[in-house]
1. Can you find, within the stretch 292-323, the residue that is nearest to ARG347 (Cα to Cα) among those that are modelled with pLDDT under 95 and not small (Gly, Ala, Ser)?
2. Take the residues in the stretch 263-275 that are farther than 12 Å from ALA236 by Cα and open to solvent by 10 Å² or more (accessible area, probe 1.4 Å), then tell me which one is modelled with the highest pLDDT.
3. Say we look at the stretch 495-533 and pick out the residues that are within 14 Å of LYS97 (Cβ to Cβ) and among the acidic types (Asp, Glu); which of these is surrounded by the fewest Cβ atoms within 10 Å (Cβ to Cβ)?
4. So SER290 passes all but one of these: (1) among the hydroxyl-bearing types (Ser, Thr, Tyr); (2) in contact (Cβ under 8 Å) with a residue 12 or more places away in the chain; (3) surrounded by fewer than 22 Cβ atoms within 10 Å (Cβ to Cβ). Which condition number does it fail?
5. For the stretch 598-631, give me each residue that is hydrophobic (A, V, I, L, M, F, W, C) and part of a helix (DSSP H, G or I).
6. Do we have ALA382 as touching a Pro at 6+ places or on another chain (Cβ under 7 Å), part of a helix (DSSP H, G or I), touching a residue at least 24 places away in the same chain (Cβ under 8 Å) and open to solvent by less than 50 Å² (accessible area, probe 1.4 Å) here?
7. Does the stretch 149-163 hold any residues that are buried (at least 24 other Cβ atoms within 10 Å of the Cβ) and either touching a strand residue (DSSP E or B) at 6+ places or on another chain (Cβ under 7 Å) or touching a residue at least 24 places away in the same chain (Cβ under 8 Å) (or both), and which are they?
Amino acid sequence: MILPFWAKSTRGRWLNLALLLIFAALLAPAAETPASLAKTYREAPSPARRTALERYAAAHSKSINGVLARLALGVTAFEQKDWPGAIQHLNNLRLPKLADYVAYYVAAARLESKDVVLNPKGLSPVYGSPAPSPLAARAAVLEGRTLVAASAARDAIRILTARYAELPQPQGDMALAAAYEAAGDRSRAALSYQLVYYQHPLTYPAIQAETALAGIKTALGSAYPPPSPALMLTRADRLLEGRDWQRARAEYQLLGAQLGGPEGDLAKVRAGVADYLAGNTGEAHQHLRSLNSKSGSEADAERLYYLAECARRLGNDEEMMEHVKRLGRAYPRSTWRLKALVSAANRYLIINEPDKFVPLFKSAYEDFPADPQAPYCHWKVAWNSYINRKRDADDRLRKHLETFPLDTSASAALYFLGRLAERDRHLAEARAYYSALSDLYPNYYYGLQARERLSDTKLARAVPASKTLAYLSGIRFPPRPEGPPANASPATVLRIERARLLRSAGLDELAESELRFGSRSGEQGTLLAMELARGGAEPHEKLRFMKSMRIDYLAIPVKQAPAAYWENLFPLPFRNDVVRNARQHNLDPFKVAGLIRQESEFNPRAVSRTNAHGLTQVMPGTGRQLAPKVGIRRFNSKMLFQPSVNLKLGTFYMRSLLDKWDGKWEETLASYNAGSTRVAEWAGWYSYDEPAEFIETIPFTETREYVQAVLRNAAMYRLIYEEKPAPSTAAKPRRAD
C-alpha cells in the first residue's frame, strides 16, 4: 500500500491517525443508555432487545443507569402481562425518588398473578411519596382489589368508600362492586355494577359489569334493585356522546317503550336526535313531528329545538322560526330556547340579514345573561352597530366591555373604541384604549393591532386621557398571568427530577403524566410545561405540550419569558425551506410560518379531518393539480408528507391566492380556510375602512379566528426570529414511507 506523501512524515502520521479515529467515531454505534435500549424494546418488543436491556442492567447493576434499566424492564413486563417478570425486575429495587412507582407495579403484578400477600406497608410509598403521586388514586383501587382477593372485603369497602371521590372510573366502581359482592351484599354490588354498565357503555368494564349483573339478578330474583330511569337514560346518552348513533338510537327506542314519565318522553325524542346527529335529517324531522310530547316538559322543549334544527338544515327558514317562537312562548327560560335563538341567529348571520339576526341575539343575551354564550351574542349586536356606522356604536362597545370584561371579545371592543376615538380626533382617548389593550392582551391579534396604531407619531405623542384611564380602571379585566418564575420551588424541582428519571428509563408516557399531574396539583405549571416540552422528540410535540399546559400564554409579554419558552410555542423547523420557498414566490416568510403553525403545528405528517396533508395542509387533489406547475413529476399523495414538496406546493398556492386578492393577506388567508367564493361574498357586504373590520365581519368563527391567529403568529415569529440568523443547513426533511 502506498501512503500519501503527508503520511510519511511524523506530522502526517499523526494527522492520518486522527482522521482514522474520526471515521471510527462516526461509524461507531451511539452509546447505549437505559432510555435508548428501553425505547427500542418497548416500540418493537423482541427477545433479543429484551436481552440487550437485561444485559445492560446486569452490567451497570451498581449505578443509577442499571437501576433505571430494571425499572424499564419491570414496567414493560407488567404492560405485557408478564406478572412474574415484573415482580422479578422490580422487587427490592432501590429507587427512593420513584419508590411509589416500584411499590405500585410490584403490588399490581402480585395481585394479577394471584400471589396475594397482605402487606399493610406495601403501598405506603405511594401514599407517603414526598411529591404527591399520580398513582395514589389508582393505588386505592389496587388496595381495594387486593383486600378482596385476600378475603378482607369489609376493609376494601371501607377504603374504597372513604376515597371514592378520587377513584378513577369505571375502575373504582368495579372494585367497589366486587368488594360488596365478596362481602355478600349483592344489592349494593348490583348498584355499583349498574353505575359501570350505564355510565360507561363504551368501555370493557361495562361488558364485565353486564355479565356480573346477569348473575346477581338471577340470584336475587325479585329483590334485585332496578336501575333508575335516569340512569338507564344515561347509558343511551353516553352512546350518543360517543357518536355511536346506531346503538344510541336502539337504546332510546327500547327505553321509550319501557319507561313512562319524563325519562320515557326524553328517550322518544332522543331517538330522533340520534337520527339528526347521524345526518338522517329527513327521518329525524318526521319522527320528531310524529311525537306528542307533553306540553311544559323538558322533552318537548328539546323536541322543538331539534325540529328547528331540522328545518334549518332542510332550508325551511319559515318553519325554523315557527319553532323558535313556540319555544319562546312555552319555554322562555329553557336552555333549548337559548340554543335555538343562537342557531337561528347564526343562520341569518351567515347570509348577512341583520334585521333578523340582531333581535335573536338580543333575546339570547337579555334572557340568558349569565350563559357562556351571552358574550358572543352581545358582541354580534355591538359589532353590527359599529360596522353599520350607527350612532349607538360607542355605547354598545362600552356596554360590552363593562358587561363581559373577562371574555376575549373585550380585546376587540377596546380596539374599536380606540378607532372610534381616532375618527373623532380624540387622540388622547385612543391612546388610552390602545395602551390598555396592549397591556392586557399583548400577543392577541388586537393587542398587536393596538401596538401598530401606537407606532403612529401623533398617537405616540398623545398623553393618555385621564378620564378614559379612570373609566378603564373601574372595569374588572382578567388578571395578567405571570411568566415563568425565575426559580423553581422545591416541589417543582422534585417533580422535574422524577420526570427526568422516568424519561431516562425510556418511560416517556409516565414522565408526561408525572408533569401533568404536578401542573394540575398547583405546582409551577409554566416550568413543568417547559420540562414537558424538553422531552418532546419533534417541534410539533413540544408545541402541543406547551399549549396544553399553559392556555393563557398569549397574555404574557414576550420579554417576561426566556427565548426557549417562545421557541417551543412558536417553533420554526425546516426554516431554510420555509424562507427559500417564501422568497421564491415573494411571500413574507413569517406569514408562511404563521400559516403552517395554524394549519399543522409544523407536523410534516399531519392529516386533517378533511384529508389535507402535511405542513401547509394541501389536499391530495390540489397537490395533483399544482404539481406540474411547480415542476414535480409523478406526483402521489405521500409526497405531501415531504416538507420540501409540501412547502413548494403550499407557497405556490398561497401566492396564487394573494395575487387573486391583489396582495390582501386577510382575504387570502380567509380563502385558504373557507374558499374564495365565500370570501368574495363577505368582501362585498360592506365598505371596510381597514382589514380588521373585514376580519371581524367574517361570520364563520373558525375562519375569523384562523385569520387572526395566522396574522398574530406571523407577528410573533417576527419578534422571536427576525434578529436570529437561520441555521447553516436546513432541517433534514422526512421522506414518505
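1. This residue is GLU298.
2. ASP275
3. GLU497
4. With respect to (1) among the hydroxyl-bearing types (Ser, Thr, Tyr); (2) in contact (Cβ under 8 Å) with a residue 12 or more places away in the chain; (3) surrounded by fewer than 22 Cβ atoms within 10 Å (Cβ to Cβ), SER290 is out only on (2).
5. LEU626, ALA627, VAL630
6. Here the answer is no, as ALA382 does not meet what is asked.
7. ALA156
Each row is one residue, and each column tells you yes or no for (1) out of contact with any His (no Cβ under 6 Å at 6 or more places or on another chain); (2) under 27 Å from GLN708 (Cβ atoms); (3) surrounded by fewer than 24 Cβ atoms within 10 Å (Cβ to Cβ).
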| position | (1), (2), (3) |
| --- | --- |
| GLN598 | yes, yes, yes |
| THR610 | yes, yes, yes |
| LEU615 | yes, yes, no |
| LYS629 | yes, no, yes |
| ILE632 | yes, no, yes |
| LYS638 | yes, no, yes |
| SER644 | yes, no, yes |
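The values are calculated or read from the model by the stated rules, or taken from the named source; none is laboratory data. Predicted model only: the values in this text are computed from it and were never measured. Every residue, glycine among them, receives a Cβ derived from its backbone with ideal geometry; neighbour counts consider all protein chains shown. Keep in mind that these areas ignore ligands, DNA and RNA; they rest on the heavy atoms of the full protein, side chains included. Shrake-Rupley method; radii C 1.70, N 1.55, O 1.52, S 1.80 Å.
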